[in-house]
1. Between residue 242 and residue 363, take the C-beta separation as r, use R0 = 35 Å, and let me know the FRET efficiency to the nearest 0.05.
2. Please calculate the 1.4 Å probe accessible area of residue 346, with all protein chains present, and give it to the nearest 10 Å².
3. Take the chain, mark every one of the GluC sites (Glu not before Pro) that falls in a DSSP loop and has at most 12 other Cβ within 10 Å, then report the longest stretch left between them, sites excluded.
4. Give the lysines whose C-alpha is closer than 30 Å to that of residue 363, dropping any in the same chain fewer than 8 places away, or say none.
5. Taking the DSSP beta bridges in the range 259-391 as the whole, what percent of them are antiparallel, to the nearest 5?
6. Quick one: what do you get for the range 45-194 if you divide its Cα Rg by 2.2 N^0.38 Å?
7. So if R0 is 41 Å, what FRET efficiency would residue 80 and residue 258 give, r being the distance between their Cβ atoms, rounded to the nearest 0.05?
8. Convert each backbone phi in the range 190-204 into a coupling constant with the Karplus relation 6.51 cos²θ - 1.76 cosθ + 1.60 (shift: θ = phi - 60°), then list the ³J(HN,Hα) values in order as whole Hz, x for Gly and Pro.
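The values are calculated or read from the model by the stated rules, or taken from the named source; none is laboratory data. Note that the structure is a prediction, hence the values are computed from the model and not measured. Virtual Cβ from ideal backbone geometry, glycine too; neighbours counted across all protein chains shown. The accessibility values were calculated without ligands, DNA or RNA, using every heavy atom of the protein model including side chains. Shrake-Rupley method; radii C 1.70, N 1.55, O 1.52, S 1.80 Å.
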Amino acid sequence: MSSAPRRQSLRISARAVQMLACVIVLMLHATAASARERVPPPEPSFEPWVSPQAEQQMLQAIDYYQRIVSAGGWPRIPDRITLRPGDSGAEVAIVKRRLEISGELRPNGSDRYLFDRALEDAVKRYQLRNGVEPTGIVYGITQRLMNVPAETRLKQLQLNLARMRELLPKTAAPKYIVMNAASFELQGIRGGRVEITSRTIAGKRATPTPVVSAQIQAINLLPYWHVPGTIAKAALVPMIRKDPAYLYKERIRVFSSFGGEEIDPATVNWWGPEAERYVFRQDPGPQNALGVLRFDMPNKHIVYMHDTPMKNLFGYFERAISAGCVRIQNYLDLAAWVIDGYGGWTREKIEQSIASGARPTIKLPAAVPVHFIYLTAWIDGGAVQFRNDLYNRDDKAFDTGEAVAASSIPTTIAP
């Protein structure tokens, strides 16, 4: 065998080794990424979002951010970077200065160019204060959030102070509920104190949850879901065309009209124009899009709060998923708090009634006010909280252009 073929064979072998090494590195990175457990969102705060004290704290925050703006704001972090603990360089020093100015990091005399434990903790604090999973890594959404100008954040605080002041007169009720669509959380307040909280799911960008004040008048156990015509046309009929068995799986019935006769789905030409003329109703049960409980709160927007069978979605930080209605994680606790023992209805009795298959409507002796609000900035524990202006209501002051959880959440037709 000549030396030339041997050299070629050696070159091929070296190339193969390099490729194998690259594959192993990629596999190790993928394994590490999959091994990292998703950090669950924090529980909602028991500090009221809207109160006279919250108003004063917002004024202090506005004064603080005004000073930041007057001093020139904060430095911009280079785009398309990834910085993690152990890294070093000029970009790390920029991140440190950025977080020192906004208050997440205290100057400690450490190496300005080293991504140390103190900076990792500060990045996590920043991420939590912005509604992002606290990975401690600066990249993507975290980098874009840090680059929102101080002037924009100041404007955001001022806009949200106005929203607080608009709601304040309505907080005089002895007992009421506030649901913040921007943070996907709810507070039940009595006598000025938060007594109950819950994570929520609000409307996605295309179907935002409106700002609305209404009154809960009743609790519906094991409700039917009457599919709105808009949802039927946009989502349900296309779903049936993809999967003819979808209606049977989801226990959705077809009717000629509201109150009309039931139609056998097998007799309908779902690809014809008549498919959009029918009305749909989903049977009660745990598979129902409303779950097993609905809060009846009449309003012009026809939005309400309810349970959901898709409880895993409460594990995401950004929960803009619904068609506009609000899904409640702690729906049983909230229902018991709203009913407050009237007629002997406790949490346990509600559970027993649902388990028995009974479908009562529990009418309240006195309606409980509920306010769907949109606060993208407020104060909690003395720290400023910011959230993504998902619905572009902050006078387009800020938009990351990204629905954080959208890529990993399945599409549904639920309200």
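1. On the way: r = 41 Å, r/R0 = 1.16.
Efficiency, rounded to the nearest 0.05: 0.30.
2. 60 Å²
3. On the way: sites that count: 37, 261.
Between exposed loop sites, the widest span is 38-260.
4. 170, 175, 300, 311, 349
5. Working: 6 of 8 bridges.
Bridges in the range 259-391 are about 75 percent antiparallel.
6. Numbers: Rg = 17.8 Å, N = 150, 2.2 N^0.38 = 14.8 Å.
Here the Cα radius of gyration is 1.20 times the empirical estimate.
7. Working: r = 53 Å, r/R0 = 1.30.
Efficiency for this residue pair is about 0.15.
8. Running phi through 6.51 cos²θ - 1.76 cosθ + 1.60 with θ = phi - 60° gives 9, x, x, 10, 6, 9, 8, 9, 6, 6, 9, 10, 10, x, 6 Hz.
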